[in-house]
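Worksheet: the structure to be examined is printed underneath.
The values are calculated or read from the model by the stated rules, or taken from the named source; none is laboratory data. Please read all numbers here as calculations on a predicted model, not as lab measurements. Glycine gets a Cβ as well: all are built from the backbone with ideal geometry, and neighbour counts include every protein chain shown. Side chains are part of the model used for accessible areas, which takes the heavy atoms of the whole protein and leaves out ligands, DNA and RNA. Shrake-Rupley method; radii C 1.70, N 1.55, O 1.52, S 1.80 Å.
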Amino acid sequence: MAPDGGLYLPDHLTPIDSGALDALRGRSFAKVSRVVAEHLLGAEFEPSDLDRMIRSAFDFDVPLVEIEDGIHVLELFHGPTLAFKDIGARFMAGLYTLLDRSDAPDRTILVATSGDTGSAVAHAFLHVPSVRTFILFPKDKVSPLQERQFTTLGGNVRALEVEGTFDDCQRLVKRAFTDEDLRERACITSANSINMGRLLPQIFCYVYAWTLLPPGSTPLFSVPSGNFGNLTAGLIARKLGVPARGFVAATNVNDTVPEYLDTGVVRPRPSTSTISNAMDVGDPSNLARMLFLYGGDVNRLREDVVGSANDDARTRQCIRDVYQRTGHVLDPHSAVGYLGIRAGLDAFGEGPTVLLSTAHPVKFRQTVKAEIGVPVPVPERLEGCLSAERLVTPMRPELTDLRKLLLS
Ligand SMILES: *Cc1c(COP(=O)(O)O)cnc(C)c1O
């Protein structure tokens, strides 16, 4: 967050020339990411450092699967915690290692989590030298599988089990950041989703998806959204020259952005719980960035983005229908994105469509199994953490307790 309370964005976005984009066809995700990262950050980092960092951050694939005629699913969930947040968290952790100077004090990464963010950030910073990571999570309120993913790591990752709610965790983190003495002595850094270091790598995903489509394609992108970092990255990719017919802002009933596109009025509100819980955001931070990219003009934004909101009943029905029709298993978040495709085709015309699929269905296996009627197999990677020892430090939701832990 900038000192005036606003959010950072690159101060200029120079398009990548179309020849250079075409030359990326057939390259790996890491290679495409390297070229786009150098375009954006080449003035700040040595190309060889970026290259090495990206190869180790993105050591997994991002497949594009055509599940129906013209509908391509971009699977962003093949990182270590099986959620798309791995992409942002691993790149950001990599940037910290590049910025690390030998004379800098050890950093403390502090995050509050209700599930996905904690596991992605913990995995990304595991074994990063001179960094300690503290994950605050509400006791008994995170799904067992998600909890296992950040409580069994050990090393430089500590899981703090707070006797309270997610809001208590977030409030504690905020208070730690405003406690200047603590912030300086413990050298606290955030890793939350407004961090530009997490947003940049999501741009690479859109470029990569485009390189996997037939030459000359101008796709529609349907993006399951909560805090709207992912969609903002898509709009930036378009400014960088990635051809796109348009974008769908696909949400669950937390529909602040679809409603805004409809009415022109922003009405932030408390979030409502849904089965696509990583998108339960009532006051999305990145709407400010989206608007800035369109000169603050909702009519201009409407030329590129259409809204679509669906409730849990429709989302469940969608998981069932898509499975019966195509055999493809969608998690609840991706299903919300799938439901947005119709609105996108109506607004921007027929043609190839890319659905950004943000979580592996196994992360929501109870919900998914209830709809498709068969269990989702657990990937080997997760089986390991399910049997590993759980290491947590219990704490009360008090700043004095957190201070003691951070300064010990
Ligand atoms: C975080 C998350 C989203 C929403 O992404 P935003 O960038 O916040 O819009 C969607 N799906 C899953 C699985 C997520 O973890």
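Of the peptides 159-168, 351-360, the order by per-residue mean of other Cβ atoms within 10 Å, starting with the highest, comes out as 351-360, 159-168.
Note on ARG381 and GLU180: the extension gain reaches 68.4 nm, defined as 0.36 nm multiplied by sequence separation minus the Cα-Cα distance.
Indicate the gyration tensor shape class of segment 286-408 (rounded, prolate or oblate), computed on the Cα atoms with a ≥ b ≥ c the square roots of the eigenvalues: a/c under 1.5 is rounded; otherwise a/b larger than b/c is prolate and the rest oblate. Taking the square roots of the gyration eigenvalues as a ≥ b ≥ c, segment 286-408 is oblate. Accessible surface area normalised per residue over the chain is 42 Å², counting heavy atoms of protein chains with a 1.4 Å rolling probe.
Extending 7 Å from the Cα toward the beta-carbon at both GLU44 and THR189 defines two label points whose distance is 1.1 nm.
Taking all protein chains as shown and a probe of 1.4 angstrom, PHE221 keeps an accessible surface of around 0 Å². Here the chain has 49 percent of its accessible surface on carbon and sulfur atoms, given a 1.4 Å probe and all protein chains in place. Here is how the number arises for the chain: DSSP H runs of 4 or more residues each give -39500 (n - 2.57), the sum is divided by the residue count, and the result at 222 nm is -13500 deg cm²/dmol. One chain, two ends: ARG27 and ARG396. Fully extended at 0.36 nm per residue, the span grows by 127.9 nm beyond their Cα-Cα distance. A 1.4 Å probe over all protein chains sorts TYR294, TYR323 by accessible area into TYR323, TYR294, starting with the largest. About its Cα centre, the dipole of the chain is roughly 420 debye, where the only charges are +1 on Lys and Arg Cβ and -1 on Asp and Glu Cβ.
Rounded to the nearest 5, the antiparallel percentage of DSSP beta bridges internal to the chain is 10%.
Applying 1/(1 + (r/R0)^6) with R0 = 22 Å to the Cβ-Cβ distance of ARG300 and LYS239 gives a FRET efficiency near 0.95. Put a dot 7 Å past the Cα of VAL374, heading toward its Cβ, do the same for GLU350, and the two dots end up 3.2 nm apart. Pairs over the 27 Å Cα-Cα cut-off, from the set LYS85/LYS369; LYS363/LYS404; LYS141/LYS404; LYS141/LYS363; LYS174/LYS369; LYS139/LYS174: LYS363/LYS404; LYS174/LYS369.
Per-residue surface analysis assigns LYS139 an accessible area of about 80 Å², computed on protein heavy atoms at 1.4 Å probe radius.
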